[in-house]
Amino acid sequence: MSDVSEPIVVMGVCGSYDLDSANGRMLEIILEECRELGAETVIWDHGAKPLPLVGAEGSWDDQNVKGFQEMAVSADAFVLSSPEYHGTMSGVMKNSLDWLYSKHTSGKVFGLICTLGGQSSNNTLNHMRIAARWIHGWVTPEQIAIPNIKEAFDDDGFLVNDDINSRVRSLASSIVENTIKLRR
Ligand SMILES: Cc1cc2nc3c(=O)[nH]c(=O)nc-3n(C[C@H](O)[C@H](O)[C@H](O)COP(=O)(O)O)c2cc1C
């Protein structure tokens, strides 16, 4: 049983290799909202600590994998933000989720974000929802798909669309509030 007086910890997992990307920026934005609601946040940096493909030579003893799994164990909730690639989540996101098992994630809240080069779609969100369920996560009903990603941010990196900004606030609230409820 965790100490309910401690702040909850929300972990960001990026489906783009580089955090200097639309999905890296979306994680910064949503995690900032979570911090404003009292959470602590951590983020896995695939660029600095890449995860090998599951099953690649040496992968079962890889130190980055161990660090990733330890960060997941220390987290109470997750935000997954992935680009849509060919109608589904990126390989980076799927491989990240393949390194997580229910012993790391069971009973923890997941919030989902997807970015698209083209028009909006729920495919990636739905596919991440299935994968998160498979590792016994509780996925919030609030979720965000951001179409036409090249036009989504202003020059300072802020989201230009009010509806998406409002969805960011709703998703952050849902993650923090439901994590606190589940932790009791
Ligand atoms: C291999 C590949 C496949 C893609 N497939 C799609 C797609 O199916 N639908 C879509 O709207 N955009 C597609 N895109 C565009 C990406 O979704 C877009 O570049 C991404 O969301 C930008 O986020 P990032 O800056 O985090 O990479 C694809 C891009 C790549 C590289």
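Computed from the coordinates by the stated procedures, all read-outs in this text should not be read as laboratory data. Note that the structure is a prediction, hence the values are computed from the model and not measured. For neighbour counting, all protein chains shown are included, and Cβ atoms are generated from backbone atoms with ideal geometry for every residue, glycine included.
Listed values, structure above:
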item	result
Among PRO50, PRO141, ALA39 - extreme Cα towards positive end, dipole of the chain, charges at beta-carbon	PRO141
√(5λ) per eigenvalue of the Cα gyration tensor, the stretch 108-157, largest first, Å	25, 12, 7
Shape parameters for the stretch 64-112, alpha-carbon atoms, Rg then Dmax in Å	11.3, 33
Range of Cα positions in the stretch 9-183 per principal axis (Å), largest first	44, 36, 27
Length added when fully stretched, ASP62-SER120, from 0.36 nm per residue minus Cα-Cα	17.2 nm
Total lysine pairs whose alpha carbons fall under 30 Å of each other in the stretch 9-183 (8 or more apart, or interchain)	15
Given charges at beta-carbon only (K, R positive; D, E negative), |dipole| of the chain in Debye	800 debye
Distance from the stretch 73-102 to the stretch 124-184 (C-alpha centre basis), Å	13 Å
Added length on full extension, which subtracts the Cα-Cα distance from 0.36 nm per residue, ASP20 to SER106	28.0 nm
